[in-house]
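Have a look at the structure below, then the notes.
The values are calculated or read from the model by the stated rules, or taken from the named source; none is laboratory data. Remember, it's a predicted structure, so these values are computed and weren't measured experimentally. Please note: Cβ atoms are built from the backbone with ideal geometry, for glycine as well, and neighbour counts cover all protein chains shown.
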Amino acid sequence: MALFLADDPVVARIQLGLLLRELRQDAERTAAQACKHLNCSPAKMSMVENGKQGIPVREVAALLDFYGADDTSAAEALRLAAIPWPKRRGRRALYQEAVPATARRYVALEAEAREIVAFDNAVINGLLQTREYARTLLAAGAPYPGSHEIDVKLDIRMRRQDKLFREEPSPLELDVIIDEACLRRRIGSAGIMRAQLEHLIQVSERENVRLQVLPFVPKNDEAFNPQTAFSILKLPERGSLVYIEDFAGGIYPEDGLLIQEYATAFERLRRAALDGDEARAFLARLVAQDG
């Protein structure tokens with residue numbers, strides 16, 4: 001089953017809500033003023049901006065005019081609003097089951113990002129996972145997994161990787177630091193893990209991917225450890241935001257100073273991590289050890 005996230009109606013609804021909220025805030029309009037302009041309830045405006053409810057194209061156009069949106073933002077908002085919602089109710093339920101509520105916003109933002117920098121300290125980044133490595137993780141994360149449920153989730157995860165390998169538009173730029181613990185933690189069989197490590201070596205050769213390895217013994221005296229995985233997503237015309245993930249889900253701190261702290265943390269990790277040929281040589285040694 002193919003779920004094309006860029007035009008997925010659920011993802012589009014989330015993206016539209018985020019865009020409308022940002023346009024309202026940029027225009028220094030309150031949610032109450034927007035409600036009055038549309039003659040709608042505050043509950044509806046909240047649902048729309050949180051991506052939980054659709055909004056007719058004509059109402060989107062009215063808001064765009066009220067916010068004084070520029071042509072580029074207006075065109076994108078209207079495009080998102082025009083993506084049809086499926087008639088079959090099962091389609092929405094299927095997506096919502098496959099992507100938990102805490103992850104839907106991230107999937108939507110990731111689809112929009114032009115560059116992502118990430119630090120992973122538990123498992124290998126989802127954008128770099130092989131199909132079998134991802135399948136093993138998904139099966140382990142579900143107490144009573146059914147094969148169909150896992151297949152749907154797996155398809156979504158693999159589709160997220162398409163942006164790394166596309167030619168038009170420009171592929172996603174991925175700058176990732178992987179902790180050695182991720183590489184030594186066996187997920188699945190020895191063969192699955194070996195194939196995953198070989199995949200990392202191959203992907204690291206791409207011009208749009210910078211892959212570094214943070215070894216247990218860093219290449220300098222840097223002892224810094226952020227103790228959590230995080231990603232910094234760079235969005236066109238919207239700046240950067242941070243996604244911090246833990247066992248309970250993820251959060252998106254909006255404080256600019258905090259975002260800068262994570263950017264600084266990433267640079268500290270970079271100085272301690274192996275890069276380029278050093279990182280590939282490290283991965284190759286792990287493959288040989290596992291062979």
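I'd like to know if region 159-173 contains one or more residues that are surrounded by fewer than 19 Cβ atoms within 10 Å (Cβ to Cβ) and touching a Pro at 6+ places or on another chain (Cβ under 7 Å). Within region 159-173, one or more residues are surrounded by fewer than 19 Cβ atoms within 10 Å (Cβ to Cβ) and touching a Pro at 6+ places or on another chain (Cβ under 7 Å). Of all positions in region 42-49, at least one carries a residue that is crowded, with 16+ Cβ neighbours inside 10 Å, among the β-branched types (Val, Ile, Thr) and under 29 Å from the mean Cα position of the chain (by Cα). Only one entry in LEU80, LEU63, LEU19, LEU23 is touching a residue at least 24 places away in the same chain (Cβ under 8 Å), in contact with an Asp or Glu (Cβ under 8 Å, 6 or more places away or on another chain) and not assigned by TED's automatic domain parsing to the domain that holds HIS148, namely LEU19. Among the residues of region 257-274, the one identified as modelled with pLDDT under 90 and surrounded by fewer than 11 Cβ atoms within 10 Å (Cβ to Cβ) is LEU257. Answer with yes or no whether ILE232 is at pLDDT 90 or above, β-branched (Val, Ile, Thr) and within 26 Å of VAL10 (Cα to Cα). Yes: the conditions hold for ILE232.
Of all residues being closer than 22 Å to GLU180 by Cβ and surrounded by 13 or more Cβ atoms within 10 Å (Cβ to Cβ) in region 235-256, which is modelled with the lowest pLDDT? Just the residue, please.
Of the residues in region 235-256, the ones closer than 22 Å to GLU180 by Cβ are 244-247.
Filter again for surrounded by 13 or more Cβ atoms within 10 Å (Cβ to Cβ), leaving 244-245.
Numbers: ILE244: 85, GLU245: 72.
Looking at the filtered set, the residue picked out is GLU245.
Scanning region 50-86 for residues that are part of a loop (DSSP other than H, G, I, E, B), surrounded by 14 or more Cβ atoms within 10 Å (Cβ to Cβ) and out of contact with any Gly (no Cβ under 9 Å at 6 or more places or on another chain) yields GLY54, ALA69, ILE83.
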